[in-house]
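Working notes for the structure below.
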Amino acid sequence: MVMRSKLQRIFSSIVALLSLSLVFSLSPALAKPKLLPKPQKVKWLKGEGAAGPLTVITINNVTGSPGQTLYDNFLKKLPKQGLGSEGYLLEVSAEKTVIITPHTWGYLRAQQTLKQLRDPQGNYTYCQIADWPTDFWRGAHFLIPNASAQPAIKKLISEVLVPLKCNVFLLGVGYSYQFPSHPEIKQNGAWSKQQMREIAALCQQNGIIFIPEMGCLGHQSWGTPPHALLRAYPDFEEPSEIDPKSSDFYCRSWCPLHPQVNSVVFDLIDDLLDACQSSYFHVGLDEVFVIASEKCPRCRGKDPADLFAKAVNDLYGHITTKRRKRMLMWGDRLLSSARTPYGAYASSANGTDDAIDMIPKDIIICDWHYSYFEEYPSLRTLTKKGFHVWPAVAYDQRAARAFQYAARSLKGNKSLGTLSTTWCTADNIAYLLSSASPPAGFTYADKARARAKALQAVLAESWNPD
Ligand SMILES: [Zn+2]
């Protein structure tokens, strides 16, 4: 009997513990919503339910407002330099919902967090949050898809990039636009001005900088078939010393000394600046392998660095000096492969790297490195020369974290943040991550899932790496 009663007591205790844990595991108070990006500081309050009425307070008007307690609670935990234009404080409780922020952008970011705190029944988990971005620019880079996929790209922006608090949308447009100035430069599936304007408006409404990219100088083909510029103007091509039909051939280039090339290219840039309503323009300039060709009567015998610098300076003269827009370019041709660990694609083995000393220092250099290295010396090389760098990563997340960490350790605020490159058309990512559905027979790009996953992780960690 004694044994039985002891066993009964033990059994009862186990049942009681299990019941208790069941109660706790079912308790809605413990089922905290998943917030992505993770806010910098969260204090969960007791309870959940409907949210009290919303008050939005600018940071200079906190004293005596409904946000005073919220502000006082986090005062000692805010960054020394302040919340920045995208930072915010947020409180959700039954009595009130409060957003304190210095800027509209902070209000937009707070709204995204608020949406994630809401369950499908419309109840909120009560909390106080202090939040601000770690990186200043948190960008996503895609290649432009066929114009028919434009509605999917809108969903990608509003359903994926906006909730992840991305603030730069970099679109590799190339020649996939119906250029009003040069209708002879044609590409199938090219976007209309109206389509581009809609993307520009959507980005603007959501506090996202929209930057168009057109690959200049190099990348005038993939393999043999020329892209639209060289199809329309074959004489702009820099003749390659390697047969374009051979397997060693990479991409065609234009000749930086051709007397007509700039006037056409500047028209195309103006068309895109107008369509995208952008204050920035990305000119590509990566992986230029055909340059200073012995087969070109203008470039033969000239220094590749001089020719590369001329192309950069010509583009800068139009985009920045004349049009007052900020220019961005990929950084690989400015880095020596002999003095860095990067290899002949992510750094230059064809003599262009001395151009680093011949170009204006207010060009933003997109320093791209997609492999893991112990160190990323280009960050110091470029910033010591006076450039701002925007480190670009891809789908190898170990490499991405190492490069992001190295960039954040740089002194002097010369790194703008992180650019997550997908190197596939944006519709791939839209179909994987948003409510957009692929058309029948759609074939996903190589590693599209890994690219989509990395994009989410990199953007979230760019806001808060913890
Ligand atoms: Zn030439």
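Derivation of every value follows stated rules applied to the coordinates shown; laboratory data play no part. Quick caveat: nothing in here was measured; it's all calculated off a predicted structure. Glycine also receives a Cβ, built like all others from the backbone with ideal geometry; neighbour counts cover every protein chain displayed.
Assign one of three labels to the chain, namely rounded, prolate or oblate, based on the Cα gyration tensor with a ≥ b ≥ c the square roots of its eigenvalues; rounded applies when a/c is under 1.5, prolate when it is not and a/b is larger than b/c, and oblate otherwise.
prolate
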Label-point gap, in nm, between residue 410 and residue 159 - each point 7 angstrom along Cα→Cβ: 3.5 nm
In segment 170-248, which chymotrypsin sites (Phe, Trp or Tyr not before Pro) fall in coil by DSSP and have 13 or fewer other Cβ atoms within 10 Å? 222
For residue 38 paired with residue 267, estimate the spin-label separation in nm (one decimal), with each label point 7 Å from Cα along the Cα-to-Cβ line. 5.4 nm
Set of lysines near residue 193 by C-alpha distance (under 16 Å), chain-local residues within fewer than 8 positions excluded: 154
Positive-end residue, the chain charge dipole about Cα centroid, Cβ charges, pick of 383, 64, 366: 64
Degrees, to the nearest 10: 304-316 long Cα axis against longest axis of the chain: 60 degrees
Euclidean distance between Cα centres, segment 387-434 to segment 248-299, Å: 25 Å
Restricting attention to segment 268-377, which GluC sites (Glu not before Pro) occupy a DSSP loop and are surrounded by at most 11 other Cβ atoms within 10 Å? 294, 374, 375
Only helices counted: for the chain, with every DSSP H run of 4 or more residues adding -39500 (n - 2.57) and the sum spread over all residues, [θ] at 222 nm is -9500 deg cm²/dmol
Using θ = phi - 60° and the Karplus relation 6.51 cos²θ - 1.76 cosθ + 1.60, list the HN-Hα couplings for segment 268-279 in order, rounded to whole Hz, with x at every Gly or Pro. 5, 4, 4, 4, 6, 4, 5, 5, 8, 6, 9, 8
What is the helix-to-structure angle for 397-408, meaning the angle in degrees between its Cα long axis and the longest Cα principal axis of the chain, kept from 0 to 90 and rounded to the nearest 10? 90 degrees
Top positive-direction residue, dipole computed over segment 137-463 with Cβ charges, set 263, 400, 167: 167
Partnerless cysteines (no other Cys beta carbon under 4.7 Å) identified across the chain are 127, 166, 203, 216, 251, 255, 276, 366, 424
To the nearest 10 degrees, how steep is helix 2-26 against the longest Cα principal axis of the chain, on a 0 to 90 scale? 50 degrees
As a footprinting exposure proxy, order 42, 261, 98 by other Cβ within 10 Å, with the fewest listed first. 42, 261, 98
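Looking at the chain, send over the antiparallel percent of its DSSP beta bridges, to the nearest 5.
If we restrict to bridges inside the chain, about 35 percent are antiparallel.
Of the cross-linked pairs 186/322; 385/414; 43/411, which ones have a Cα-Cα span greater than 21 Å in the structure shown?
Too far apart for the 21 Å limit: 186/322; 43/411.
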Starting from 0.36 nm per residue, how many nanometres of slack lie between residue 94 and residue 72 once their C-alpha separation is accounted for? 6.0 nm
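Give me the dipole magnitude in Debye, nearest 20, for the chain about the Cα centre, with unit charges on the beta carbon: positive for Lys and Arg, negative for Asp and Glu.
My answer is approximately 2060 debye.
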Chymotrypsin sites (Phe, Trp or Tyr not before Pro) within segment 422-462, DSSP loop, no more than 13 other Cβ atoms inside 10 Å: 442
To the nearest 0.05, how large is the calculated FRET efficiency for residue 46 and residue 201 if R₀ is 60 Å and r is the Cβ-Cβ distance? 0.90
Please compute the modelled spin-label separation between residue 358 and residue 184, points set 7 Å along Cα→Cβ, answer in nm with one decimal. 3.0 nm
Which links in 310/361; 38/77; 77/361; 41/155; 46/76 stretch past 25 Å when you go from one Cα to the other? 77/361; 41/155
